[in-house]
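What follows is one structure encoded as structure tokens, with my remarks underneath.
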Amino acid sequence: MRERYSPSNSRVREKGPTVAEREQLDLAVLYTEDDETTRDEVSLFLKRRVRSLATASNGREGLERFREERPDVVVTDIRMPVMDGLAMARTMRTEYRGILIVVTTAHSDVNSMLDAIDIGVDQYVIKPVETGKLLAALEKCSEIIEYRRAHKTYLAERERLIAELQEALAKVKLLSGFLPICASCKKIRDDKGYWQQIELYIREHSEAEFSHGICPDCATKLYGKYLKEEK
């Protein structure tokens with residue numbers, strides 16, 4: 001693909017837009033870069049590609065914005081005044097282990113790259129920043145975040161189903177234990193000490209419904225005379 005370079009003093013290289021580049025990512029991003037020209041150019045690109053964007057000019061300012069904004073992803077340069085990007089990233093990781101971090105660095109900055117690997121950064125983009133590669137790094141971060149969100153939803157649903165199952169088992173347990181029952185009227189004594197008709201007790205402790213009839217023995221006992229007359 002043919003590269004389209006921005007003006008000669010630009011620190012950012014752009015490629016022609018693809019379908020993926022036209023789609024906005026559901027990400028809140030913090031971008032930290034001390035070079036004003038680079039920061040402005042990359043910020044202009046990011047504003048079109050992500051849900052929200054916050055910026056900072058050094059690591060200390062970036063850390064403050066991180067605590068205020070709680071972004072999904074941090075994109076940061078490594079070498080900056082006041083506090084460098086790696087020190088900032090290390091502090092962020094101690095405060096929130098799940099933060100996703102993308103670093104931008106030069107080819108020659110090998111030691112910083114090794115430190116970044118030691119911290120556990122998620123992606124890196126070589127300077128001068130190519131927007132296509134930066135977008136690809138953000139898309140990978142977006143996939144990780146979507147997986148985390150889906151997994152969180154799954155765990156919540158799993159907890160709900162377990163709670164429902166435990167409640168159902170508790171109801172079954174109530175009906176499977178020993179129940180005090182009157183030998184004469186057949187009422188059941190509930191766990192509060194009250195006596196209830198057996199059908200009322202079962203209805204309150206299960207989903208069973210009742211339809212009333214009469215068994216042959218009771219029919220003979222109660223209506224035996226009429227049954228004999230019919231015969």
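Rule-based calculations on the coordinates, nothing more; no lab input. Because the structure is predicted, anything quoted here is derived from the model rather than measured. Here the Cβ positions follow ideal geometry from the backbone for every residue, glycine too, while neighbour counts run over all protein chains shown.
Can you tell me the FRET efficiency between Ala163 and Arg51 if r is taken as the Cβ-Cβ distance and R0 is 41 Å, rounded to the nearest 0.05? Intermediate results must be reported in sequence, preceding the final value.
Values: r = 33 Å, r/R0 = 0.81.
Given R0 = 41 Å and the Cβ-Cβ separation, E is 0.80.
Roughly how many nanometres apart are two label points built 7 Å out from the Cα toward the Cβ at Leu179 and Glu199?
In this crude spin-label approximation the distance works out to 1.4 nm.
Measuring from label point to label point, each 7 Å out along Cα→Cβ, what is the Cys218 to Arg93 span in nm?
Distance between the two pseudo-spin positions: 7.4 nm.
Suppose each label sits 7 Å from its Cα in the direction of the beta carbon; what would the Glu209-Ile119 distance come out to in nanometres?
6.5 nm
For Val110 and Ile144, what is the calculated FRET efficiency with R₀ set at 35 Å and r taken between the beta-carbons, to the nearest 0.05?
Details: r = 26 Å, r/R0 = 0.75.
About 0.85, to the nearest 0.05.
With Rg and the Kirkwood Rh both taken from Cα atoms, where does Rg over Rh land for segment 3-151? Mind dumping the intermediate values first?
Numbers: Rg = 14.4 Å, Rh = 15.3 Å.
Taking Rg over the Kirkwood Rh, I get 0.94.
Can you list the residues, at least 5 places off or on another chain, whose amide H is less than 5 Å from the amide H of Tyr31, using H built in the peptide plane?
Amide H neighbours of Tyr31: Ala54, Thr55, Ala56, Val75.
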